[in-house]
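So the structure is just underneath, and the comments pick up after that.
Every number here is computed from the coordinates shown, using simple stated rules; none is lab data. This is a predicted model, so every value here is computed, not measured. Cβ atoms come from the backbone with ideal geometry, glycine included; neighbour counts cover every protein chain shown.
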Amino acid sequence: MAVSERLLRLSPAVQRIGLCVLILLTWGYYDLVRWEELTAGNTPRLAWRWSPTSEEVFLKQPHTIAGWVTPPRDPATGAAKPWQLLATDWPEFSRCGAEQSSSWR
């Protein structure tokens with residue numbers, strides 16, 4: 001009881017400043033950390049905001065991981081060549097048949 005009585009005797013301005021400091025310290029923590037992932041055991045993995053993200057770490061790795069490759073580049077200009085569709089590629093959404101339309105009936 002003694003602590004709460006001492007806090008109630010403080011002036012309203014000091015109480016407001018104390019509340020603001022408490023809020024800033026509480027929420028300031030969340031400005032410093034970033035939610036990376038949630039593991040299978042429902043435990044979060046947090047990282048500092050200034051550390052590289054999982055995506056940045058992945059992109060720094062060689063581009064042959066899991067079949068992921070960079071687009072071919074033109075040796076003269078260094079620009080990426082446009083992708084060429086092959087006969088086995090399927091660039092459109094499938095329909096259940098040629099007679100199907102995209103409208104709902």
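General remarks:
- Whole-Hz couplings from phi, Karplus 6.51/-1.76/1.60, listed for region 76-86; x for Gly and Pro: 6, 9, x, 7, 5, 6, x, 5, 10, 6, 9
- Exposure proxy ranking for Glu56, Glu92, based on other Cβ atoms within 10 angstrom of each Cβ and starting from the fewest, stands as Glu92, Glu56.
- ³J(HN,Hα) computed for each position of region 28-37 - Karplus, 6.51 cos²θ - 1.76 cosθ + 1.60, integer Hz, glycine/proline x: x, 4, 6, 7, 9, 10, 10, 7, 8, 6
- Val33 long-range amide H proximity, modeled H, under 5 Å: Arg49
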